[in-house]
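Asks: Here it is, the structure, as structure tokens.
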Amino acid sequence: MNSLKNDIGFIGAGNMAGALIAGLINGGLDPKEIIASSPEDSHLLALNTEFGIKTTKDNLEIGRNCNTIVIAVKPHIVNSVLNELSDLINANQHLIISIAAGIRIKDIQKNLKGSQRIVRAMPNTPASIGKGISALCASGNCSDEDLKISKGVFESVGATCVLEENSFDLYTSLLGSGPAYIFYLVEALMESSKELNFEESEIKNLLLDMIIGSAELAKQSSDSPGTLRKKVTSPGGVTERALEVFEEENLKSTIQKAIKAATKRSIELGDK
């Protein structure tokens, strides 16, 4: 691979691009090796002020200066960005990483000339605090080094996993959208706690600490979640009664139905 001036360039300077840039710099990458482009002056000013990276409004400057290019724009803008870059992108020189939701590798290839090296990634929102989970899949002509580079980008903001692209829709509905389900649970628990003599912020923090503690226990324990649940469920007790209502209302089945519906929607959006 030819050596260009910057190690990595971001086309798009929104929240996720900012999170990745922060993770890379916190992980030791020199800000001088990062460049970001955006049409939004406010986004560029924020990145330059906070991180000291170079910024530009010219997407082609990213292509001319960076071996690794992260496409971090909204899905409906991806085609125009790729068309703009198509004459410049060279498979021998550029690794393309896309975090545009629902945009498949074949769709990216279609807008670029030649057989490009492309990694599709799906980080979730906790990446903004370095606690994300990101799924990655690579085009057939990507090397082990390409995947290593890509994993390094997303490991700077959390954990990663590598999937076949045909699993991305299920991943999106389960783990990409997963934080929203946790927030929904917290909402429901907060609404159930109104008769407690707590400030809203206090009960929110208590509930979140309970969820964090439970998750950490489950992560550290060799027991399955089902076994852990049984250990805190005394026969005839309070927890058992609540769980009986969950079963009566088919909560587990409802969750599974919701994930299937979300997966179907992810497939539909990718087909558009």
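Asks: From the list (1) 1.05; (2) 0.95; (3) 0.98, can you say which value of Rg/Rh (Cα atoms, Kirkwood Rh) was derived from the structure given?
Replies: (1)
Asks: Which angle from 0 to 90°, rounded to the nearest 10, does the C-alpha axis of helix 41-51 make with the longest principal axis of the chain?
Replies: It works out to around 80 degrees.
Asks: Continuing with the same structure: Using the Karplus curve 6.51 cos²θ - 1.76 cosθ + 1.60 with θ = phi - 60°, what ³J(HN,Hα) values do you get for each residue of the range 65-82, in whole Hz, with x for Gly and Pro?
Replies: Each residue's phi maps through the Karplus curve to give 10, 10, 6, 10, 10, 9, 8, 10, 9, 4, x, 6, 9, 4, 4, 5, 5, 5 Hz.
Asks: Once amide H atoms are placed 1.01 Å from N in the peptide plane, what residues at a sequence separation of 5 or more from Phe10, or on another chain, have their amide H within under 5 Å of its amide H?
Replies: It is Ile35, Ala36, Ser37, Val70, by chain and number.
Asks: In terms of Cα to Cα distance under 12 Å, which aspartates and glutamates are near enough to Lys272, apart from those fewer than 8 places away along the same chain?
Replies: Here the aspartates and glutamates satisfying the reach criterion relative to Lys272 are Asp107.
Asks: Please list 3J(HN,Hα) in residue order for the range 106-121, calculated via the Karplus relation 6.51 cos²θ - 1.76 cosθ + 1.60 where θ = phi - 60°; whole Hz, with x for glycine and proline.
Replies: With coefficients 6.51, -1.76 and 1.60, one gets 4, 6, 5, 4, 4, 9, 10, 8, x, 9, 7, 8, 10, 10, 9, 10 Hz.
Asks: Amide H of Gly132 versus every other amide H placed in the peptide plane: which residues, excluding those fewer than 5 positions away on the same chain, fall under 5 Å?
Replies: Ala127, Gly158, Ala159
Asks: Return one number: the angle in degrees, 0 to 90 and rounded to the nearest 10, between the long axis of the Cα atoms of helix 178-191 and the longest principal axis of the Cα atoms of the chain.
Replies: 40
Asks: Against the longest principal axis of the chain, how steep is helix 15-26, in degrees 0 to 90 to the nearest 10, with axes from Cα atoms?
Replies: 80
Asks: Which far-off residues, 5 or more places away or on another chain, put their amide H under 5 Å from the one on Asn67, with H placed in the peptide plane?
Replies: Result for Asn67 returns Leu4, Asn6.
Asks: Shifting gears a bit: Taking the Cα centre of the range 161-272 as the origin, how large is its charge dipole in debye, to the nearest 20, when only Lys and Arg (+1) and Asp and Glu (-1) carry charge on their Cβ atoms?
Replies: With Lys and Arg at +1 and Asp and Glu at -1, about 320 debye.
Asks: Another one. On a 31 Å Cα-Cα criterion, which of the cross-link pairs Lys148/Lys231; Lys131/Lys204; Lys57/Lys148; Lys57/Lys110; Lys32/Lys264 come out too long?
Replies: Lys148/Lys231; Lys32/Lys264
Asks: Where nothing but the Cβ of Lys and Arg (+1) and of Asp and Glu (-1) is charged, how large is the charge dipole of the range 232-272 around its Cα centre, in debye to the nearest 20?
Replies: Dipole magnitude for the range 232-272 comes out near 320 debye.
Asks: If you don't mind, another one. Evaluate the relative contact order of the range 158-272 (contact order divided by residue number), counting alpha-carbon pairs under 8 angstrom at least 6 apart; express in whole percent.
Replies: It rounds to 43 percent for the range 158-272.
Asks: What residue among Leu207, Leu174, Leu44 shows peak mean-square fluctuation when the chain is described by a Gaussian network model with Cα springs under 10 Å?
Replies: Top of the fluctuation ranking is Leu207.
Asks: When we measure straight from the Cα of Lys252, which lysines land under 17 angstrom away, once same-chain ones fewer than 8 places off are left out?
Replies: Cα-Cα hits under 17 Å: Lys230, Lys260.
Asks: So for the range 120-219, averaging the separation of alpha carbon pairs under 8 Å that are six or more residues apart and normalising by length, what relative contact order in percent results?
Replies: 25
Asks: If you take every residue apart from Asn205 with its C-beta less than 15 Å away from the C-beta of Asn205, what net charge results, scoring Lys and Arg +1 and Asp and Glu -1?
Replies: -4
Asks: To continue, here is another question. Provide Arg104, Arg120, Arg229 ordered by accessible surface of protein heavy atoms (probe 1.4 Å), highest first.
Replies: If we order Arg104, Arg120, Arg229 from most to least accessible, we get Arg229, Arg104, Arg120.
Asks: Sticking with this one: So how strong a dipole does the range 64-210 carry about its Cα centre when Lys and Arg Cβ are +1 and Asp and Glu Cβ are -1, to the nearest 20 debye?
Replies: 760
Asks: Another question about this same structure. Taking R0 as 30 Å, what FRET efficiency do you get between Glu202 and Glu50 from their Cβ-Cβ distance, rounded to the nearest 0.05?
Replies: After rounding, the FRET efficiency stands at 0.45.
Asks: From the protein chains alone at 1.4 Å, what is the descending order of accessible area for Glu240, Glu145, largest first?
Replies: Correct descending sequence by accessible area is Glu145, Glu240.
Asks: Same structure again: Could you order Met210, Met16, Met122 by accessible surface area, starting with the largest, using a probe radius of 1.4 Å?
Replies: Final ranking, largest accessible area leading: Met210, Met16, Met122.
Asks: Let me check against my output: what whole-number percent is the relative contact order of the range 49-179, with C-alpha pairs under 8 Å and at least 6 apart?
Replies: 19
Asks: Find the Rg to Rh ratio for the range 7-108, where Rh is the Kirkwood radius over alpha-carbon pairs and Rg uses the same atoms.
Replies: Result: Rg/Rh = 0.94.
Asks: Assuming R0 = 45 Å, what is the FRET efficiency of Ser221 and Asp30, from their Cβ-Cβ distance, to the nearest 0.05?
Replies: 0.65
Asks: Something else now. Enter the accessible area of Leu163 (Å², nearest 10), with the probe set to 1.4 Å and all protein chains included.
Replies: 50
Asks: Can I ask one more? Could you compute the FRET efficiency for Lys113 and Asp58, with r as their C-beta to C-beta distance and R0 at 22 Å, rounded to 0.05?
Replies: 0.65
The values are calculated or read from the model by the stated rules, or taken from the named source; none is laboratory data. All values derive from a computational prediction rather than experimental measurement. Because the Cβ atoms are built from the backbone with ideal geometry, glycine has one as well, and the counts that use them run over all protein chains shown. Surface accessibility is based on the protein's heavy atoms, side chains included, excluding ligands, DNA and RNA. Shrake-Rupley method; radii C 1.70, N 1.55, O 1.52, S 1.80 Å.
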